[in-house]
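Q: A single structure is presented below for examination.
Read-outs: derived from the displayed coordinates by stated rules, not from any lab. Note that the coordinates shown come from a computational prediction; the quantities given were computed from them, not determined experimentally. Here Cβ is always computed from backbone atoms with ideal geometry, including for glycine, and neighbour counts include all displayed protein chains.
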DNA sequence: CTCATCCATGAGAGCGCTCTCACGCACACC
DNA sequence: GGTGTGCGTGAGAGCGCTCTCATGGATGAG
């Protein structure tokens, strides 16, 4: 039978309350009693029961990381995996546990809301939202500390989020192409129902400052869509000499299509991606891309959430800087 | 104030026990009372408190997924991320929650053991163990349902695990090289403190059936180590015409080194990898590799664990089949 | 010497839920 | 009419912890 507070109290010859004080580091305990209790804890191998503790304290010392992607796409893109692992690593040593929650369809949203409201977590990290996502609003209204990854489409006052500088990063990419002498630059834009897609296109446009014609094709961040978009661009603008793809996956697809079309990269066409995933080092040629600080983002999100749970006011959005990683494709 | 069982009971004009019965789907409730209670739950927006429930039931409906890798390597290899996401997806609809736990050093092992024993999870999934890992034994001794990913180095009776057929997969790879007419085949073996490394080398040896000389270099599953090992092999066996790398990451490194050395793949040297990660489609040339069924593995592990938690006897180890995916490198 | 003060400790009331047990009612049987 | 069975329901005792409040002894002030 597992030892409880009472067992320890009996062993140490004190009351349950005193043992509790020792465990929680209360200063109002005499040194001798403290050592006695600690000895009892050690000999019994006592471990506090988390359920009982959180029932009494109305606090769980755990947070949820909510993923909202349909299955297939997620597994190919390392973004989510990295966010998860980085978050988990940030939590090491804080005593806070990470609960992973999948909420893909509407039924699961409702379930999730219930779950969160059941007091099983103290706060929520929302990874990779889509535009129409009702969840932030629900959580906000329920008074659950929440931090979102990526800029929400519609600004919700009182919602803090952490994003990388998508606009600035895309500008960096486009400017790099310009400074390499490219003048007929196209872009494979991301889905326009995600702010990452929107902002990266905006940055691209800003850097190109209205040059005509505007060469844009759209993808959904998947490799296949990158291939389709690249083919479309080659068809519409056969003279293009530079491509900015809104993520590396699509850039990899584009690279393949360009090669098949007989265009040498970077000689005939320069290509820049976005994200700097592991894959970017292995494409042929290795991909010049905009580095997205995923680990830093996860860390920041977690820290914001923890301070918010600790009672601090909701922090302002944080935008992390991006930087260009020059390889061989541009 | 959040509604509790008592609130609902008062609203529905019944006792707390009856409400509990309705919530838990007990058959011993009359239809009219049931609907009344359900109406009360709906109007009050009642959600059961998980902490209270698990305190009373001595069960938490959540499992831990324990990761044991030093940080950096993990982020580049999609394996862990995929395991996590696949596990989480398997759990959708079961009402079981996934708690992610990082246990990298010895201090954290002790903490983990305490954590698990604090009754915060019903069982443990152990991802990617190393040889000297004390954790399975600890968990087994503590009577915690546990399922391990990958064959443990020292067989622990009563420990169930799920692995892919590393031996068979490596054989497949080597046989593919043989049947392509390759006769001077080398291997970049994985770390020999992990059974995946050991078993893949064993399978390779089995397929080559003692042909001499044995051309082996060792890596640690990272790209850089693959490069080093490939360079070493070229140095020692300049006439080699086939390479089996124990994972795709090392194969990608090898491909790079081969190209730099002026060896055409697959014309001069055929290369086969292992894992079939996304990266394998993007190398130059695309990598022929052994597909490892990660999602299937995660699913199987989760199911084994859940049945074990449900009281079923510990299941025998499961070895999932691997298959060769032919692309262009061999 | 008395009274107020302070501090270590204990008693006990919850936190919100589950589950056993007893109760009362309806029905069927002898 | 009594006994037995079955079933829906309620009362109440926990589950293991925290926290408030009371207690009693030591200390210092008046």
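Q: Once you sort the root eigenvalues of the Cα gyration tensor of the protein assembly as shown as a ≥ b ≥ c, which label holds: rounded (a/c under 1.5), prolate (a/b larger than b/c) or oblate (the other case)?
A: oblate
Q: Would you mind estimating how fast segment B:12-71 diffuses translationally, via Stokes-Einstein at 20 °C and 1.002 mPa s with the Kirkwood radius over Cα pairs, in µm²/s?
A: 155
Q: Starting at 0 and stepping by 5 Å, how many percent of the alpha carbon pairs of segment B:1-114 end up in each bin?
A: 2, 10, 15, 14, 13, 11, 9, 8, 8, 6, 3, 1
Q: Just to be sure I understand: with springs between alpha-carbon atoms less than 10 Å apart, which residue in B:188, B:23, B:83 has the highest mean-square fluctuation in the Gaussian network model of chain B?
A: B:23
Q: Distances in nm, one decimal, shortest first, from residue B:307 to the same residue in every other copy, taking the label point 7 angstrom along Cα→Cβ.
A: Listed shortest first, these distances are 4.9 nm.
Q: Here's a follow-up. Normalised by the residues of segment B:109-160, what does the relative contact order come to in percent, with Cα pairs under 8 Å and at least six apart?
A: After rounding, I find 38 percent.
Q: Calculate the spin-label point distance for residue A:2 paired with residue B:106, positioning each point 7 Å from the Cα along the beta-carbon direction, and give it in nanometres.
A: Those two pseudo-labels are separated by 2.6 nm.
Q: Continuing with this model, one more query. Arrange A:108, B:284 by Cβ neighbour counts within 10 Å, fewest through most, would you?
A: On the way: A:108 17, B:284 20.
Result, fewest neighbours first: A:108, B:284.
Q: Follow-up question, since we're still on this one. Pull up the DSSP beta bridges for the protein assembly as shown and report the antiparallel fraction as a percent, rounded to 5.
A: If I count the DSSP bridges inside the protein assembly as shown, around 10 percent turn out antiparallel.
Q: Right, next: What does the average come to when, for each residue of peptide A:144-154, you count the partner chain Cβ atoms lying within 10 Å of its Cβ?
A: Mean number of neighbouring Cβ atoms from other chains: 0.
Q: State whether segment A:61-171 is rounded, prolate or oblate according to the following rule on the C-alpha gyration tensor (a ≥ b ≥ c being the square roots of its eigenvalues): a/c under 1.5 gives rounded; otherwise a/b larger than b/c gives prolate, and the remaining case gives oblate.
A: It is rounded, given that a/c, with a ≥ b ≥ c, falls under 1.5.
Q: Would you mind classifying segment A:142-239 by shape? Square roots of the alpha carbon gyration tensor eigenvalues, ordered a ≥ b ≥ c; an a/c under 1.5 is rounded, otherwise it is prolate if a/b is larger than b/c and oblate if not. Display every interim value, and only then the final one.
A: Working: a/c = 3.05, a/b = 1.89, b/c = 1.61.
Because a/c hits 1.5 or more and a/b exceeds b/c, segment A:142-239 counts as prolate.
Q: Which chain A residue comes nearest the axis with its C-beta when you rotate A onto B, and by how many angstrom?
A: Taking Cβ atoms only, the nearest residue and its distance are A:81, 1.
Q: Another question about this same structure. Using the beta-carbon distance between residue B:153 and residue A:57 and R0 = 30 Å, what value does 1/(1 + (r/R0)^6) give for FRET efficiency, to the nearest 0.05?
A: Computed FRET efficiency for residue B:153 and residue A:57: 0.15.
Q: Still on this structure: Considering only A:150, A:273, A:203, give the residue with the highest GNM mean-square fluctuation for chain A, with springs between Cα atoms whenever their separation is below 10 Å.
A: A:203
Q: Could you tell me the center-to-center distance, by alpha carbons, between segment A:269-292 and segment B:1-45 in angstrom?
A: One Cα centre to the other: 57 Å.
Q: So what does the Cα-only Debye profile of segment B:191-312 read at q = 0.22 Å⁻¹, as log10 I(q)/I(0), no solvent term?
A: Computed log10 I(q)/I(0) values: -1.31.
Q: Okay, moving on. Sorted from shortest, what are the nm distances separating the label point of residue A:206 from equivalent points in the other copies, each placed 7 Å from Cα along Cα to C-beta?
A: List, nearest first: 5.8 nm.
Q: To continue, here is another question. Which stretch or stretches of segment B:80-113 have amide N atoms under 17 Å from the point lying 7 Å from residue A:130's Cα along the Cα→Cβ direction?
A: What the label zone holds, given the 17 Å backbone N cut-off, is no residue at all.
Q: So what are the three principal axis dimensions of segment B:154-203 from its Cα atoms, in whole Å, longest to shortest?
A: 44, 18, 10
Q: Continuing with the same structure: Just to be sure I understand: of the beta bridges DSSP finds with both ends in chain A, what percent are antiparallel, rounded to 5? Can you show the working numbers first?
A: Details: 3 of 37 bridges.
Of all bridge pairs located within chain A, approximately 10 percent are antiparallel.
Q: Each label point is 7 Å from the Cα along the Cα-to-Cβ direction; what then is the distance between the points at residue A:94 and residue A:224, in nm?
A: 3.8
Q: At a threshold of 8 angstrom on Cα-Cα distance, excluding pairs fewer than six apart, so keeping six or more, what relative contact order does chain B reach in percent?
A: 16
Q: Mind pulling up the Rg/Rh value for chain B? Radius of gyration and Kirkwood radius, both on Cα.
A: My calculation of the ratio gives 1.14.
Q: List, shortest first and in nm to one decimal, how far the label point of residue A:142 (7 Å from Cα along Cα→Cβ) is from its counterparts in the other copies.
A: Its label point is 2.9 nm from the equivalent points in the other copies.
Q: Same structure again: What value, in deg cm²/dmol to 500, does the helix sum -39500 (n - 2.57) over DSSP H runs of n ≥ 4 give at 222 nm once divided by the residues of chain B?
A: It lands at -13500 deg cm²/dmol.
Q: Note down the relative contact order for segment A:43-187 as a percent, whole number, built from C-alpha pairs under 8 angstrom at least six residues apart.
A: 22
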